[in-house]
Amino acid sequence: MTTAVITGATHGLGRLVALDLARRGFDLGVVARSAAKVDELRAAIGLGVTVTAFVADLSSLREVRRAADAVDAHYDRVDVLVNNAGIHAFSPRLTADGLPEMTAVNYLAPWALTNALRAKLIASSARVVTVASEASRQARGIDPATALTTASHYGRTKLMDIMFSQELARRLAGTGVTSNCCDPGFNTTGLGRELPFAGVLEKVLHAVRIGDPARGASIITRLATDPAFEGVTGGYFSVRDAKPLRCPEPGRDEAVQRALWEATEELLARLDVAG
């Protein structure tokens, strides 16, 4: 059995990736807030593929850890982990843990999920794919000591995803696990869901063929399955022909990436949700 675990697979890019992986013969573990939405995905996939729901609110690190433990117990191996789920909030909110919501969902949740599954990923020589964004270039700076607990804009959370992916690659070097991230480009799916006019705008952009989500999903699937990426790790790739990109300058230095990793470890240990 070949297994892929994916977050954010019930809508948007993640749903397209899940459908593609199912066509390629992967059984799917879907970490999602709604079991009913996973049922809808399962119906769309049809027979022949096992789709298992792991229900969790990714803004809660305790729920993330509980879902990770359930995934670990359920599967003998995890061949692919796709950290896709994310939110783009237009007003700052705090989670039940007292953390900025975008930081919790976009960065801390994938960090915690991946770290909790570390042994299973190593045993499976897995591919880890984390979805970042071109918005990471908007981050003007990052202080690992404060980045996790102070209000952060979307671009900075996506910069932290790149930093996490590249530091993970270094920490798992030689284990057989690969860790890569990508910029899926501009996609209309789920565009600004909190804005009252988002639905109308999305329809207009679809009509003029701007922001085709199938294109954005393709780079995620390529990193997860393409033989050309076998053994490739530590990369950040563009939707444009899988072109290699550099991590934006505020988070490019290995020492800064290491400091953010260590600050994250300390925070999760304080919250008692560390792997």
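The values are calculated or read from the model by the stated rules, or taken from the named source; none is laboratory data. Note that the structure is a prediction, hence the values are computed from the model and not measured. Cβ sites come from the backbone with ideal geometry, for glycine too, and all protein chains shown count toward neighbours. The area values use the complete protein model at the heavy-atom level, side chains included, leaving out ligands, DNA and RNA. Shrake-Rupley method; radii C 1.70, N 1.55, O 1.52, S 1.80 Å.
The condition of being on the phi < 0 side of the Ramachandran plot, open to solvent by less than 70 Å² (accessible area, probe 1.4 Å), at pLDDT 95 or above and touching a Ser or Thr at 6+ places or on another chain (Cβ under 8 Å) holds for only one of Asn106, Asn115, that being Asn106.
Of the residues making up the stretch 104-127, those that are over 18 Å from Ala89 (Cα atoms) and either of a type outside the set (A, V, I, L, M) or touching a Leu at 6+ places or on another chain (Cβ under 9 Å) (or both) number 14. If you check Arg240 against the conditions, is it surrounded by fewer than 12 Cβ atoms within 10 Å (Cβ to Cβ) and at pLDDT 90 or above? For Arg240, the condition - surrounded by fewer than 12 Cβ atoms within 10 Å (Cβ to Cβ) and at pLDDT 90 or above - is met.
Among the candidates Phe26, Phe54, the residue that is within 27 Å of Tyr154 (Cα to Cα) and aromatic (Phe, Trp, Tyr) is uniquely Phe54. The residues in the stretch 7-33 that are touching a helix residue (DSSP H, G or I) at 6+ places or on another chain (Cβ under 6 Å) and closer than 14 Å to Val55 by Cβ can be counted, and the count is 7.
Scanning the stretch 246-265 for residues being surrounded by 13 or more Cβ atoms within 10 Å (Cβ to Cβ) and either touching a Leu at 6+ places or on another chain (Cβ under 9 Å) or not acidic (Asp, Glu) (or both) gives a total of 13. Listed by first and then second residue, the pairs linking a residue in the stretch 21-39 that is open to solvent by less than 10 Å² (accessible area, probe 1.4 Å) to a residue that is in a strand (DSSP E or B) and small (Gly, Ala, Ser), with Cβ atoms under 6 Å apart and 6 or more places separating them unless they lie on different chains, are Leu21/Ala4; Leu28/Ala4; Val30/Ala53; Val38/Ala32; Val38/Ala53. Residues of the stretch 71-101 that are part of a helix (DSSP H, G or I) and closer than 23 Å to Ala18 by Cα: Val71, Asp72, Ala73, His74.
Checked against (1) open to solvent by 40 Å² or more (accessible area, probe 1.4 Å); (2) outside any helix (DSSP H, G or I); (3) modelled with pLDDT under 95, Val232 passes all but condition (3). In summary, Leu94 fulfils each of the numbered conditions (1) free of Cβ contacts under 8 Å to residues at least 24 places away in the same chain; (2) within 23 Å of Leu117 (Cα to Cα) with the single exception of condition (2). Here Val273, Val232, Val256 are screened, and the one residue that is more than 19 Å from Thr7 (Cβ to Cβ), β-branched (Val, Ile, Thr) and within 20 Å of the chain's Cα centre (by Cα) is Val232. Of all the criteria given as (1) outside any helix (DSSP H, G or I); (2) at pLDDT 95 or above; (3) more than 17 Å from Glu167 (Cα to Cα), the one not satisfied by Ala269 is (1). Within the stretch 127-177, the residues that satisfy the criterion of being of a type in the set (Val, Ile, Thr) and either assigned to a loop (DSSP other than H, G, I, E, B) or surrounded by fewer than 24 Cβ atoms within 10 Å (Cβ to Cβ) (or both) are Ile142, Thr146, Thr149, Thr150, Thr175, Val177. Checked across the stretch 61-71, the condition of being open to solvent by less than 10 Å² (accessible area, probe 1.4 Å) and either at positive phi or of a type in the set (Phe, Trp, Tyr) (or both) holds for no residue. Among the residues making up the stretch 73-88, those that are surrounded by fewer than 16 Cβ atoms within 10 Å (Cβ to Cβ) and in contact (Cβ under 8 Å) with a residue 24 or more places away in the chain are His74, Asp76, Arg77.
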